[in-house]
Amino acid sequence: MIHLRDQKFRLVRLVARFLAERRGAAAVEFALILPFLLFLWMGSVELSQVLAVDRRISTIAGSLGDLVARTEDELPSATLDDYFTAAEQLIIPYDSDELRQVVTCVYIDEDGDTQVMWSYGYNGGTAHTVGDAYDLPTELTGIATDSYVIVAEAAYSYTPLLGYVFDTPFSLYEEYFHLPRYGDYIEVV
């Protein structure tokens, strides 16, 4: 029995000495917090990438709409294709295959009702049906009564870079509204 008691005493002394030891505390604390720090770092990398792509999508939609709205009277379809191609270059270095662009001309009558006059999609962007109503913000229909609005849309399916924090692709979307600079209908020929 004495032998068992000595072993218990030794075990208690060993545990007490282990708990009192402070030389490896920083290493243990670092080992405990390291997974959280890595998760936080990877999340910040992913978030910065998403924000960068989102800013580019916003720039693409704004630039495309502005280019079309600067047109006077007629816009050749080849020029519109050039606008789409030029705007697509703004997504680089990210994959342009996931970028969808749509530009639409919407007429707003005196009652505030809207009608799609024409719409073109690029790289898989779905054009709106001519003659359909287009849901515009109320503030815009008040400003552009009996006039036209150029609507530029850009959508991007973002696939996470690392896939540890965000693991499924998600869509980024921007929509910009421009009044034609010359105030008249812009026809695509």
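Bear in mind these aren't lab numbers, they're just calculated from the coordinates by the rules spelled out. Values in this document were obtained by computation on a predicted structure and should not be read as measured data. FYI the Cβ positions are ideal-geometry reconstructions off the backbone, even for glycines, and counts take in every protein chain you see.
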*Relative contact order (%) - criterion: Cα under 8 Å, at least six apart; region: the chain*: 26 percent
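I need the semi-axes of the equivalent ellipsoid of the stretch 61-135: take the C-alpha gyration tensor, multiply each eigenvalue by 5, square-root it, list largest first in whole angstrom.
Rounded to whole Å, the semi-axes are 24, 14, 10.
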*Based on the Kirkwood radius over alpha-carbon pairs, what is the Stokes-Einstein translational diffusion coefficient of the stretch 1-90 at 25 °C with 0.890 mPa s viscosity, in µm²/s?*
125 µm²/s
_Pairwise over distinct Cα atoms, reciprocal of the mean inverse distance: report the Kirkwood radius of the stretch 15-59 in Å, one decimal place._
13.5 Å
_For the ranges 135-146, 15-26, 74-85, what's the packing order if you count other beta-carbon atoms within 10 Å of each residue, average per peptide, and put the highest first?_
74-85, 135-146, 15-26
_Can you tally the net charge around A127? Count Lys and Arg as +1, Asp and Glu as -1, for every other residue whose Cβ sits under 14 Å from the Cβ of A127._
-2
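Just to confirm a number: summing +1 for Lys and Arg and -1 for Asp and Glu over residues other than T168 whose beta-carbon lies under 15 angstrom from that of T168, what do you get?
Net charge in that neighbourhood comes out at -3.
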*Distance (nanometres) between label positions extended 7 Å along Cα→Cβ at S44 and A25*: 2.7 nm
*Rg over Rh [alpha-carbon atoms, Kirkwood Rh] for the stretch 30-188*: 1.12
_Alpha-carbon centroid distance for the pair the stretch 37-73 / the stretch 125-153, whole angstrom_ = 23 Å
*Say each of F9 and Q115 gets a label point 7 Å from the Cα, pointing the same way as Cα to Cβ; how far apart are those two points in nm?*
10.3 nm
